[in-house]
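Heads up: the structure comes next, in structure tokens.
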Amino acid sequence: MTTTPIDTSAATFDSEKLSAAAREHLWMHFTRMSAYQDAPVPTIVRGEGARIFDSFGRSYIDGLSGLFVVQVGHGRQELAEAAYRQASELAFFPLWSYAHPQAIELADRLADLAPGDLNKVFFTTGGGEAVETAWKAAKQYFKLVGKPMKHKVISRSIAYHGTPQGALSITGIPDAKKWFEPLVPGAHKAANTNFYRAPEHGDDIEAFGRWAADDIGRAIEMEGPDTVAAVFVEPVQNSGGCFPPPPGYFQRLREICDRHDVLLVSDEVICAFGRLGTTFACDKFGYVPDIITCAKGMTSGYSPIGAAIVSDRVAEPFYSGSDYFPHGYTFGGHPVSAAVAMANLDIFDREGLNQHVLQNEPAFRATLDKLRDLPIVGDVRGDGYFYGIELVKDKTTKETFDDDESERLLRGFLSKALFEAGLYCRADDRGDPVVQLAPPLIVGQSEFDEIEQILRSVLTEAWSRL
Ligand code: PLP
């Protein structure tokens, strides 16, 4: 297995002390804290380009852009300077009946970049709030236009849409929800686009796509179209391990939503801002939603922000007379984050990052496809710079691991071994076990090769341990 290079310039931290304080006081997210009782808490202290450095001075390739966030790479001085300038001029003002130039300019720019008549930008501080905002807007919209019964949401199985209780209801991962039931009622699930495990039409992707879109149509009909407000879908579903849409899927879904007067919400919290090589991922697949939810890559993570970008048609009833949207966040559209988002979009333009992803995506795919020769690799799927590698016990039957094996393989070995070998990414078993990859958009062939080589060596070792 590869050993990680030591970068002494970063080794100025007292790792023991940091770990002890973390164990005592830092409640980490989605983290089994007991795992760190006797082990150091991995602590990242610095980033540069596509690399991150830990408190021991070890360097890793950032195979996940932090958490699908750091599109332009780490250590961009100009984004830090944009934040500094804005904080010096106006550090904070809310968007509650007052505006500030950064939110206005960013909203204007996002409306320009968004497709169709998606022209109204409601800022949040992150993705879950954007999803929450979109559901609330959809509910109120139908009340304002005289269809007050339309309030339910259809989303897809295993999809992740965030942790606020509304967004969590929309989420389709039972284990993420079970402790918080009862959640917001009215959120129903339909099939996702996992073609590798297609329950129908496993030999014909277009027929499978029609079936999967129709499954959402069936859910709308089962619930009663008069009660359904919105369908929430990601362009490429992350959870479960990167499910791209089959050809024609979104066109059919758009027709289904139109037929039933149901809003189509494109949850692009991961897929927007170049992850698939376009600013908004719906453009890549040729559909126009009624609302886009986005966050993460908007600032490449240099400051938090999110947004629901809403069509003129849906926003219209909120803009007349005494009606308004009684909803908002103190930090939504924060001036520093908005200024950083503008500077981030400038980098996208200047460096042609979307074109870079479009040019390089075939090479990324081809490099990861090489892993298919390993007995543990069942499927390699994704789009742009966004991939999932599904691990199986038996390639021919596609048999997956039982709970015990999953526990030993993913939590007990893989995540740690990949990290120790110099690759930060994620081994996830919210559906079938997958390794998720989403490197910064600046990388090219040499990083693809490095990722492939580390994965090859660690997955080979994992197989030998089974
Ligand atoms: N929606 C999708 C598709 C996501 O992937 C995520 C987070 O990963 C969210 C919503 C929630 O975003 P946040 O963690 O910023 O609240």
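The values are calculated or read from the model by the stated rules, or taken from the named source; none is laboratory data. None of these values were measured; they are calculated from a predicted model. Every residue, glycine among them, receives a Cβ derived from its backbone with ideal geometry; neighbour counts consider all protein chains shown. Protein only, heavy atoms only, side chains kept; ligands, DNA and RNA dropped before computing areas. Shrake-Rupley method; radii C 1.70, N 1.55, O 1.52, S 1.80 Å.
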Worksheet item: Gap in Å between the Cα centre of region 53-86 and the Cα centre of region 219-282?
Response: 30 Å
Worksheet item: How many percent of all Cα-Cα pairs in region 398-462 sit more than 15 Å apart?
Response: 52 percent
Worksheet item: According to a simple spin-label model (label point 7 Å from Cα along Cα-to-Cβ), what is the distance in nm between D373 and M149?
Response: 6.1 nm
Discussion item. I need the P(r) histogram for region 324-365: all alpha carbon pairs, bin width 5 Å from 0 out to the longest distance, whole percents.
Written reply: 6, 18, 14, 14, 14, 11, 10, 9, 4, 1
Fill in: Highest average packing first - 129-142, 163-176, 257-270, 89-102, Cβ atoms within 10 Å
129-142, 257-270, 163-176, 89-102
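Rounded, prolate or oblate: which one fits the chain, using the alpha carbon gyration tensor with axes a ≥ b ≥ c (rounded when a/c is under 1.5, else prolate when a/b beats b/c, else oblate)? Write out the running numbers ahead of the final one.
Values: a/c = 1.67, a/b = 1.20, b/c = 1.39.
Oblate, since a/c reaches 1.5 and b/c is not below a/b.
If you take the beta carbon distance between E221 and E81 as r and set R0 to 60 Å, what does 1/(1 + (r/R0)^6) give as a FRET efficiency, to the nearest 0.05?
Values: r = 54 Å, r/R0 = 0.90.
Using R0 = 60 Å, I get an efficiency of 0.65.
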Response to the item:
If the chain between D214 and K178 were fully extended at 0.36 nm per residue, the gain over the current Cα-Cα distance would be 10.2 nm
Discussion item. 7 Å from Cα along Cα→Cβ at both A111 and T397: what's the point-to-point distance in nm?
Written reply: 5.8 nm
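Grab the DSSP H runs of the chain that are 4 residues or longer, score each as -39,500 (n - 2.57), total them, divide by all residues and round the 222 nm result to the nearest 500 deg cm²/dmol. Before the final figure, lay out each step's value.
Values: 16 runs with 173 residues, N = 466.
Roughly -11000 deg cm²/dmol at 222 nm, from the helical runs in the chain.
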Practice prompt. Distance check, please: which entries in K189/K416; K139/K189; K17/K416; K296/K398; K296/K416; K143/K189 exceed 29 angstrom between their Cα atoms?
Written response: K189/K416; K296/K398
Worksheet item: Quick one: what does P(r) look like for region 79-350 with 5 Å bins over all Cα pairs, in whole %?
Response: 1, 6, 13, 17, 19, 17, 12, 8, 4, 2, 1, 0
Worksheet, complete the sentence: On the accessible surface of the chain, probed at 1.4 Å with all protein chains in place, carbon and sulfur together account for a percent value of 54 percent
Practice prompt. Report, largest value first, the span of the C-alpha coordinates of region 1-111 along each principal axis, in whole Å.
Written response: 51, 29, 26
Discussion item. Please compute the modelled spin-label separation between L90 and E351, points set 7 Å along Cα→Cβ, answer in nm with one decimal.
Written reply: 2.9 nm
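Of all DSSP beta bridges in the chain, what percent run antiparallel (nearest 5)?
Working: 34 of 50 bridges.
Among the beta bridges of the chain, antiparallel pairing accounts for roughly 70 percent.
Which whole-number value in Å² is the accessible area per residue of region 79-350, probe 1.4 Å? Mind showing how you got there, number by number?
Values: 10670 Å² over 272 residues.
Normalised by residue count, the accessible surface of region 79-350 is 39 Å².
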Worksheet item: Rounded to the nearest 5, what % of the DSSP beta bridges within region 79-350 are antiparallel ones?
Response: 45 percent
